[in-house]
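Here's the structure, in structure tokens; my notes come after.
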Amino acid sequence: MNIYQKGFTLIELMIVVAIMGILAAVAIPAYQNYIARAQVTEAVTIITGLKMDFTSAYGITGTCPTNGTDGFGSASDYQGIYVATVDFGGPLPSVANSTCSLTATFKNVGVASGLSGKKIIVAMTVGSVGSSQWEMRQSITQGNISPEFLPSSLR
């Protein structure tokens, strides 16, 4: 008499569940890092969009623009989905020849756990002939954000 097996044995099901658990243990942390990197990219994009207008205002007035003046909005006017504010500031002591800075602060809720309330700071430096350059690197952010979340230009 032939007996045909219908379905899976308990051992086969346990093997499948174990494999799924191993895959999830690897994939979930990698996905969370991917999400955090995407959220950091939003802050970098907002800052990059402000750099040209900010530099132009500095060239016209000779001073660093501040939030709410020179045609710029308040710090909260530049918020994004993950960024709470972008503050305009003066020179950074940690950057030689810096004249002005932009600081993007992440929201406290709705962002990856490693970014909550953290900041990305970039500095504008002026060369000897009056040309300006923006410094974006991890030393300016002063280690506030884990390097694994930063784009390669900020590491």
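Observations on the structure shown:
- Share of carbon and sulfur in the accessible area of segment 22-103 stands at 63%, probe radius 1.4 Å.
- Net charge of the neighbourhood of THR48, taken over other residues with C-beta under 14 Å away and scored Lys/Arg +1, Asp/Glu -1, is -2.
- Given their separation in residues at 0.36 nm each and the Cα-Cα distance between them, ASN144 and ASP53 gain 30.1 nm when the chain is fully extended.
- Angle between the chain longest axis and helix 10-61 axis [Cα atoms, degrees, rounded to 10]: 10 degrees
- Taken along the Cα-to-beta-carbon direction at a fixed 7 Å, the label points for GLU12 and VAL109 span 4.8 nm.
- Accessible area of segment 1-138 divided out per residue, in Å², using a probe of 1.4 angstrom: 61 Å²
- Unit charges at the beta carbon, dipole of the chain: most positive-side option, THR99, TRP134, VAL16: VAL16
- The magnitude of the dipole of the chain, with charges of +1 and -1 set on the Cβ of Lys/Arg and Asp/Glu and taken from the Cα centre, is near 320 debye.
- Top positive-direction residue, dipole computed over the chain with Cβ charges, set GLY73, ALA43, GLN32: GLN32
- For the chain: relative contact order, % (alpha-carbon pairs under 8 angstrom, 6 or more apart): 18 percent
- Amide H contacts of SER98 (H built 1.01 Å from N, under 5 Å, at least 5 apart or other chain): LEU92
- Stretched out straight at 0.36 nm per residue, the stretch from THR69 to SER152 would grow longer than its current Cα-Cα span by 26.6 nm.
- D_trans [Stokes-Einstein, Kirkwood Rh over alpha-carbon pairs] for the chain, 10 °C, 1.306 mPa s, µm² s⁻¹: 87 µm²/s
The values are calculated or read from the model by the stated rules, or taken from the named source; none is laboratory data. All values reported here derive from a predicted model rather than from experimental measurement. When we count neighbours, we look across all protein chains shown, and the Cβ atoms used for this are built from the backbone with ideal geometry, even at glycine. For the accessible areas, the whole protein counts, side chains as well, though only heavy atoms, and no ligand, DNA or RNA atoms are used. Shrake-Rupley method; radii C 1.70, N 1.55, O 1.52, S 1.80 Å.
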